[in-house]
1. Quote to one decimal, in nm, the extra length available between V31 and V62 on full extension: 0.36 nm per residue of separation minus the C-alpha distance between them.
2. When Lys and Arg each count +1 and Asp and Glu each count -1, what net charge do the other residues less than 14 Å away from N172, Cβ to Cβ, add up to?
3. For T222, list long-range residues whose amide hydrogen, built 1.01 Å from N in the peptide plane, is under 5 Å from its own amide hydrogen.
4. Among 37-43, 213-219, what's the highest-first ranking by average C-beta atoms within 10 angstrom per residue?
5. What list of ³J(HN,Hα) couplings, whole Hz, do you get for the range 128-139 from phi and the Karplus terms 6.51, -1.76, 1.60, once you set θ to phi - 60° and write x for glycine and proline?
6. If each residue of separation counts as 0.36 nm, what is the full-extension length gain between S215 and E135 once their alpha-carbon separation is subtracted?
7. Where a ≥ b ≥ c are the square roots of the eigenvalues of the C-alpha gyration tensor, would you call the range 181-227 rounded, which needs a/c under 1.5, or, failing that, prolate if a/b is larger than b/c, or oblate?
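Computed from the coordinates by the stated procedures, all read-outs in this text should not be read as laboratory data. No experiment lies behind these values; they were computed from the predicted model shown. Neighbour counts run over all protein chains shown; Cβ positions are idealised from the backbone, glycine included.
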Amino acid sequence: MGGFVQGAYCRTGVQGQGGATAFDAGVTFDVFDAGLVHGYVLGGGGVQAGSGVLFAGVGARVGLDLVPVEGFLEAGVQRVSTVLAPIYGPRLALGVTYRVNVGDLSRFAGTGIGAAVDSAPGASSAPESCNLTSEQDRAAVRSATISAANQVLTAAASSYSAGFSSFSYQVNVGGVSISGNTATVNGSVTITLVPRGSSTATSETYPGTVTLVRSGCGWRATGYSRD
């Protein structure tokens, strides 16, 4: 589940008339996850050219796990309340969004808000059907962290390849902390590259923390912060 606010510029389609601004807010509910693509249903309301708007539809987000910017495409229907009569029509939105993760709400399922559920020593808090030990669970966290880091670094190297002739990196995973259905991993990334026009390699190490949420019997990275 998520919430969003967005601003847009809408064309009127009337010759000689300019467009108008629109501001919306709403909620989304994820319905499927296919790697980098997340499908969801949405609903909300807002203001368009001074008129109230209600809308609902479906959408898809595409992005990298550790990069908080995603592209999205949404389609649905909307109701615009004008002073004379309501206008019903299609709604299509295409753009980019900045994602902020506030936590995994599934840890509250079946318990009171604020209740803590401690796993037994040597056991994992994963569903029983996963049959994981605590160490196997921690290994899964490390694996998901490395996979997400590789994905982001490979995409970054491809995007900025015009600036260097050689690029390599090493992901170093440090401490793993698991609390119910959330986890954090401390570590660092060492990047070595040779700028174009130079024969000298430069190397920098960037420490940081990756946050993850449980996804079935595994884990999914949701964010990154520099230490």
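1. Numbers: separation 31, 0.36 × 31 = 11.16 nm, distance 1.42 nm.
Taking 0.36 nm per residue and subtracting the Cα distance, the gain is 9.7 nm.
2. On the way: positive: R142; negative: E204, D227.
Cβ neighbours under 14 Å give a net charge of -1.
3. Amide H neighbours of T222, under 5 Å, 5+ apart: T211, L212, V213.
4. Numbers: 37-43: 16.0, 213-219: 18.3.
Packing order, densest peptide first, comes out as 213-219, 37-43.
5. Those phi angles translate into 4, 5, 6, 6, 10, 7, 4, 5, 5, 5, 5, 5 Hz.
6. Working: separation 80, 0.36 × 80 = 28.80 nm, distance 1.70 nm.
Full extension from S215 to E135 adds 27.1 nm.
7. Numbers: a/c = 4.66, a/b = 2.95, b/c = 1.58.
Because a/c hits 1.5 or more and a/b exceeds b/c, the range 181-227 counts as prolate.
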